[in-house]
Amino acid sequence: MPTSNVQHSTLNIQQGASLDVGRFSKRLAIVAIASSIAIPSLAQNTPTPTEPPRNLTVLILGDSLGLCGFGKRLDQKFRADPRVKSVFTYCTCGTNPLSWLKEKPYAHVQTHCGYWSIESPPDSHAIKELRDTYGMTSGHRPTSHTVPKLDDLLATIQPDILVMQTGGNLFGLFSGREKIKPDHDAAMLRKYLVPFVKKAITPPSKLRKIYWVAPPKSGRVSDEVQEFVFEQTQKDIGSVTHVIDSRKLVAYPYKHMEPDKEHFIGEDMNRWTDNVFGEIDRDLSAQPWSSVQPLTESFARLAPAETPVSAPSATPATASLIVKAKLISKTKPIPREQLMPYQEFLVGFVYDVEKVIAGDYGEKQILVMHPAYIGLHRQSLGKFHIAWSYELQLRGLDGSIWSTVKSKDDSGRIDLEPYIRIQDEARYPKSAR
């Protein structure tokens, strides 16, 4: 994963770099054209004639899947619904839930891999649209956009309903692992989920409904990880939001799927969007709107009895751990075309710990994540040689701004906590912070 001419958008995790504009660009070009065509008969199960218009305002937020057609089509669905007065849609590539908040380290986060906003101007039935995505024209690359902030959107738009399409980028928290570590991973996810929802329901928010659209099936992470992320999302924020399991709404593999086995376009995207809207529509139709209470009254139900949740921090001044360690295995980076549309990527190296110089570490081996791509540029990892020893200044990847970056770790050492070098963390693109 903007207002008005809002040049707002996602994590710098994806700068324009030379894209190979190949399949991804061509397909997004098709999406850009297809999404501009009016969709007939979009309203489903519209209210009975005796029910007065509800004059609802809807806010839709989405990530790169939103840019693949979901955001545009869902926007059109709501605009065709007689219960809805206005719709504001913002999709930004590479975002996680915290990207939309003003708190550090995401306070000034930007995207270079795609942005799309669709707004309802005051006192007008027209729409104001800004689209900047790959493939709009031959060789087009998106420019930089700032991710719009939830605080501002709630204040200016005053929406009744929020649809949050997100979650795929949180798979990066698992560093390519096939297995999960329940206690550790639950706490890690909570840092990204709870702060966003707390902000969304804090006065003066007027929200009465939040629909949390969890990601459809991804081919880049294990089913176990995906099930855990969904279940934990339901546990952490399901008391306040309506969590939608997209895996049940569209079948995998997708007909028009990108090399990353996660992004897709075409009829499967339309089917997913239509089924999501159908579930939202059924929920909205289940009771009179007048009986739906403001979510500010639900604040106490959110993550009860939990310890305070802190968001990932910006780069620390010093390392939390310094070790002398011998490199024993390296994960090979994926081809660049499989990374698109993202622009940063981490790979896991495993070291034998020879000496703990500073900090506390009790394992015999340590997993360190190294940047393999920054801004789509391949990073040189040849200076790290198997059987050579290095002094590593490290901090835990959990809590780092790198923590949701796409990653791969072939070591199978799910028992090891991932770390990142202080020197590498400082290389995170500055305009993304």
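The values are calculated or read from the model by the stated rules, or taken from the named source; none is laboratory data. Please read these numbers as outputs of a predicted model, since none were measured by experiment. We place every Cβ from the backbone using ideal geometry, glycine too, and count neighbours over all the protein chains shown. Please note that ligands, DNA and RNA were not included when accessible areas were found on the heavy atoms of the full protein model with its side chains. Shrake-Rupley method; radii C 1.70, N 1.55, O 1.52, S 1.80 Å.
Values for this structure:
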{"read-out": "Members of region 231-253 that are among the hydrophobic types (A, V, I, L, M, F, W, C) and within 21 Å of Ile201 (Cβ to Cβ)", "value": "Ile237, Val240, Val243, Ile244"}
{"read-out": "Check on Lys102, modelled with pLDDT of 50 or more, open to solvent by 10 Å² or more (accessible area, probe 1.4 Å) and assigned to a loop (DSSP other than H, G, I, E, B)", "value": "yes"}
{"read-out": "Tally, over region 171-220, of residues that are of a type in the set (Gly, Ala, Ser) and assigned to a helix (DSSP H, G or I)", "value": "4"}
{"read-out": "Residues of region 107-128 satisfying the condition of being under 27 Å from Leu173 (Cβ atoms) and either buried (at least 24 other Cβ atoms within 10 Å of the Cβ) or among the aliphatic types (A, V, I, L, M) (or both)", "value": "Ala107, Val109, Gln110, Thr111, His112, Cys113, Gly114, Tyr115, Trp116"}
{"read-out": "Answer residue from region 72-95, given it is of a type in the set (Gly, Ala, Ser) and in a loop (DSSP other than H, G, I, E, B) and is farthest from the chain's Cα centre (by Cα) among those", "value": "Ala80"}
{"read-out": "Any chance Ile357 is modelled with pLDDT of 95 or more, assigned to a loop (DSSP other than H, G, I, E, B) and either open to solvent by less than 60 Å² (accessible area, probe 1.4 Å) or aliphatic (A, V, I, L, M) (or both)", "value": "no"}
{"read-out": "Residue, most open to solvent (accessible area, probe 1.4 Å), within region 398-429, restricted to residues that are in a strand (DSSP E or B) and either among the aliphatic types (A, V, I, L, M) or in contact with a His (Cβ under 9 Å, 6 or more places away or on another chain) (or both)", "value": "Arg421"}
{"read-out": "Considering residues of region 279-304 that are in contact with a helix residue (DSSP H, G or I) (Cβ under 9 Å, 6 or more places away or on another chain) and not aliphatic (A, V, I, L, M) only, the residue modelled with the highest pLDDT", "value": "Asp281"}
{"read-out": "Enumeration of residues in region 135-177 that are among the polar types (S, T, N, Q) and either under 30 Å from Asp410 (Cβ atoms) or open to solvent by 10 Å² or more (accessible area, probe 1.4 Å) (or both)", "value": "Thr137, Ser138, Thr143, Ser144, Thr146, Thr156, Gln158, Thr166, Asn169, Ser175"}
{"read-out": "Some residue of region 191-209 being among the polar types (S, T, N, Q), touching a Phe, Trp or Tyr at 6+ places or on another chain (Cβ under 7 Å) and crowded, with 16+ Cβ neighbours inside 10 Å", "value": "no"}
